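The values are calculated or read from the model by the stated rules, or taken from the named source; none is laboratory data. Note that this is a predicted model, so its numbers are computed, not measured. Using ideal geometry, Cβ is built from the backbone for each residue, glycine included, and neighbour counts are taken over all protein chains shown. All accessible areas refer to the heavy atoms of the entire protein, side chains included, with ligands and DNA or RNA removed. Shrake-Rupley method; radii C 1.70, N 1.55, O 1.52, S 1.80 Å.
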Amino acid sequence: MIKSIKALFIVASITALSACGWHFQNGTLIPQELRTLTFESADPYSEMSVAMRNQLQANNIQLVNSTQGIPVLRINKFRTNDEVASVFKRGREAEKVLMLEVEASVRLANGETHPITAKINRTFFDNSRAALAKSAEQEIIWNDMREQAARQLITKMVALEKQVKHK
């Protein structure tokens, strides 16, 4: 009986946690002015650039080459860092905080440039006994963080466009 209650609680918790968060529904909230834009990055093949491009396309944003009068989203730089959050009794790392910070800018069709940023932090249990599993898990977390940062940038880009219209 207790095992089934625990299992039900775990399933309910996972369902609740995976359902939280706000996401665009295939780009329906994106204004018409931003449905076509140019995406630029210093490294177009970096994992962050690929994640950003994937999120733009998932939101039905058409990516075109740079031309006059087309808004431009540019990833200026991104940084990753990890810091030790806690240690085991013997002094080995127990937990890390993974940090991703992305600085981007949006140049609207009228020529105005606005900076936008996304910061993502996650904790990671650093199990030194499972080195291979640890690196695979950490890579999955980094990929998820890049996708989340890309979604945040799109949200901020849309909010920025609406703020500029109301001025």
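For region 55-95, which residues satisfy the criterion of being in contact (Cβ under 8 Å) with a residue 12 or more places away in the chain, out of contact with any Ser or Thr (no Cβ under 7 Å at 6 or more places or on another chain), open to solvent by 70 Å² or more (accessible area, probe 1.4 Å) and of a type in the set (S, T, N, Q)?
If the condition is that a residue be in contact (Cβ under 8 Å) with a residue 12 or more places away in the chain, out of contact with any Ser or Thr (no Cβ under 7 Å at 6 or more places or on another chain), open to solvent by 70 Å² or more (accessible area, probe 1.4 Å) and of a type in the set (S, T, N, Q), then 60, 67, 80, 81 are the ones that fit.
Matching residues to (1) at pLDDT below 90; (2) at negative phi; (3) in a helix (DSSP H, G or I):
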position: 65; (1), (2), (3): no, yes, no
position: 76; (1), (2), (3): no, yes, no
position: 89; (1), (2), (3): yes, yes, no
position: 109; (1), (2), (3): yes, yes, no
position: 128; (1), (2), (3): yes, yes, no
position: 145; (1), (2), (3): no, yes, yes
position: 148; (1), (2), (3): no, yes, yes
position: 156; (1), (2), (3): no, yes, yes
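Mind listing whichever residues of region 24-56 are modelled with pLDDT under 75 and under 21 Å from residue 105 (Cα atoms)?
Those that are modelled with pLDDT under 75 and under 21 Å from residue 105 (Cα atoms): 24, 27, 29.
Inside region 96-121, can you point out the residues that are open to solvent by 40 Å² or more (accessible area, probe 1.4 Å), closer than 30 Å to residue 137 by Cβ and either within 10 Å of the chain's Cα centre (by Cα) or of a type in the set (Asp, Glu) (or both)?
101, 103, 119
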